[in-house]
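Following: one structure in structure tokens, then a few remarks.
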Amino acid sequence: MRVFSIFILALFILSCNSSTEENTQQPIEETQPEEEVQPKVQNNFNIYGKVYDAGALNVLNKDCTFNKDCDCCHDELIINQDKTINFISYCEGDVHLMNGFIEKKGDFFELVFDGHAITKTMEQETLENKVAIFTKKVFATDCNGKIQFVFVDEKTAYYAIETENSYTKAIEEWNRLNSR
């Protein structure tokens, strides 16, 4: 009888432990690792003679526009028919200007900035700076029917998206800002 009691007690304890374990275990949800979204590279875009808003991912809206309500978060890229580029960075009080050219390189484009930078201050002072000539590798993709450039060599995600802004007005603004 004693052996039988120990056997029943052991069985009872084991059954309590297994039910406790069953109750405390959380169901394991299978999660799929998030796929890294790779932009679909397009090679058939007409990118020339257009104006592009540019900015970092943190100011890019889902509708392929940029939030321009912050300081130094609105840039403009103008790509001319002759493959030259004009770049304007708007900061509260200052405007920074650079130019260069764009070149097609297989599946991507290369923006080459010529090393000449101009800053216009709020006081209308013009500061000219020599910076190192540098290049930016970009892919052209589609963003809701607009051309989107994805800058691939940036430490932070940076984009330029085609706008409906007038090319003529953008060039006039560039010339006004670039006049000494």
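What follows draws every value from the coordinates through simple rules; no lab data is involved. Predicted model only: the values in this text are computed from it and were never measured. FYI the Cβ positions are ideal-geometry reconstructions off the backbone, even for glycines, and counts take in every protein chain you see.
Among the conditions (1) part of a strand (DSSP E or B); (2) acidic (Asp, Glu); (3) loosely packed, with under 11 Cβ neighbours inside 10 Å, Glu123 misses just one, which is (1). Selection within segment 49-66: residues that are assigned to a loop (DSSP other than H, G, I, E, B) and in contact (Cβ under 8 Å) with a residue 12 or more places away in the chain. The member of this set that is surrounded by the fewest Cβ atoms within 10 Å (Cβ to Cβ) is Asp63.
When Val95, Val131 are checked against the criterion of being among the β-branched types (Val, Ile, Thr), in contact with a helix residue (DSSP H, G or I) (Cβ under 7 Å, 6 or more places away or on another chain) and farther than 26 Å from Asn46 by Cα, a single residue qualifies: Val95. Scanning segment 76-109 for residues that are free of Cβ contacts under 8 Å to residues at least 40 places away in the same chain and either closer than 21 Å to Asn144 by Cβ or of a type in the set (Asp, Glu) (or both) returns Ile79, Asp82, Glu92, Asp94, Glu103.
Among the residues of segment 106-120, the ones that are exposed (fewer than 12 other Cβ atoms within 10 Å of the Cβ) and over 21 Å from the mean Cα position of the chain (by Cα) come to 1 in all.
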